[in-house]
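Asks: Handing you a structure now.
The values are calculated or read from the model by the stated rules, or taken from the named source; none is laboratory data. Predicted model only: the values in this text are computed from it and were never measured. Reconstructed Cβ throughout: ideal geometry from the backbone, glycine too, with neighbour counts over all protein chains shown.
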């Protein structure tokens, strides 16, 4: 019995916390999970589920209990993120007009499309910046009501939620305002960038502090 419990917990950890980028979730994982849910196990009742443990138990007790690890990952993430927390299936639009300027430095954003980053607030307002460095300067003084923050993944140039990003600092790649936080969509890609561009450190969003930003200036 203990061995069974250990295997179950190991499986849960491996698929409930898979380190997928936001773009991969939106384009591949969520659609796959939705397909599996609708075709294989619509019997999973999500209305009363409030924790990850409860969702895991519900999957293990459903007709999808014998799915492969990959399919359980997709099912879990779809149910947890989309069904239970109404996460949208769309990437944020980071396009800007020729009139828009960065509220921190005043530069025209359309000249630097690959560096555009955005903060969205619960009142619907969105503010666009010419890089994560200026965005973070603004963020530290205006954190109340923030719902989402997006940037562009360095390699793919696709919108990337900062909660899924790996930021490389101290590299030889410069943005419009000099030294930058370089957003990378995966840990492996971030490690590659760190080596190839002489970066100093990889940070997750929560580890970015005013001191980090000051060092970039």
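Asks: Might you check whether a residue that is over 18 Å from the mean Cα position of the chain (by Cα), outside any loop (DSSP other than H, G, I, E, B) and surrounded by 12 or more Cβ atoms within 10 Å (Cβ to Cβ) occurs anywhere in the range 175-186?
Replies: yes
Asks: Failed condition for residue 44, given (1) over 22 Å from residue 167 (Cα atoms); (2) loosely packed, with under 15 Cβ neighbours inside 10 Å, with all others met?
Replies: Tallying (1) over 22 Å from residue 167 (Cα atoms); (2) loosely packed, with under 15 Cβ neighbours inside 10 Å, residue 44 fails exactly one: (2).
Asks: Would you check which residues across the range 59-72 are over 23 Å from residue 28 (Cβ atoms) and part of a helix (DSSP H, G or I) and list them?
Replies: Of everything in the range 59-72, just one residue is over 23 Å from residue 28 (Cβ atoms) and part of a helix (DSSP H, G or I), namely 60.
Asks: Has the range 92-104 got at least one residue that is touching a helix residue (DSSP H, G or I) at 6+ places or on another chain (Cβ under 9 Å), in contact (Cβ under 8 Å) with a residue 40 or more places away in the chain and in a helix (DSSP H, G or I)?
Replies: At the first step, the residues of the range 92-104 found to be touching a helix residue (DSSP H, G or I) at 6+ places or on another chain (Cβ under 9 Å) are 94-104.
From what's left, in contact (Cβ under 8 Å) with a residue 40 or more places away in the chain: 94.
Restricting the remaining residues to those that are in a helix (DSSP H, G or I) gives none.
No.
Asks: Further question on the same structure: Kindly check whether there is at least one residue in the range 125-138 that is surrounded by 17 or more Cβ atoms within 10 Å (Cβ to Cβ), at pLDDT below 95 and assigned to a loop (DSSP other than H, G, I, E, B).
Replies: So far as the range 125-138 goes, no, none of its residues is surrounded by 17 or more Cβ atoms within 10 Å (Cβ to Cβ), at pLDDT below 95 and assigned to a loop (DSSP other than H, G, I, E, B).
Asks: Looking at this structure, is residue 95 within 30 Å of residue 141 (Cα to Cα) and buried (at least 20 other Cβ atoms within 10 Å of the Cβ)?
Replies: Answer is no for this residue.
Asks: Inspect the range 73-83 for any residue being in a loop (DSSP other than H, G, I, E, B), surrounded by 11 or more Cβ atoms within 10 Å (Cβ to Cβ) and at pLDDT 80 or above and give the result as yes or no.
Replies: Taking every residue of the range 73-83 in turn, none turns out to be in a loop (DSSP other than H, G, I, E, B), surrounded by 11 or more Cβ atoms within 10 Å (Cβ to Cβ) and at pLDDT 80 or above.
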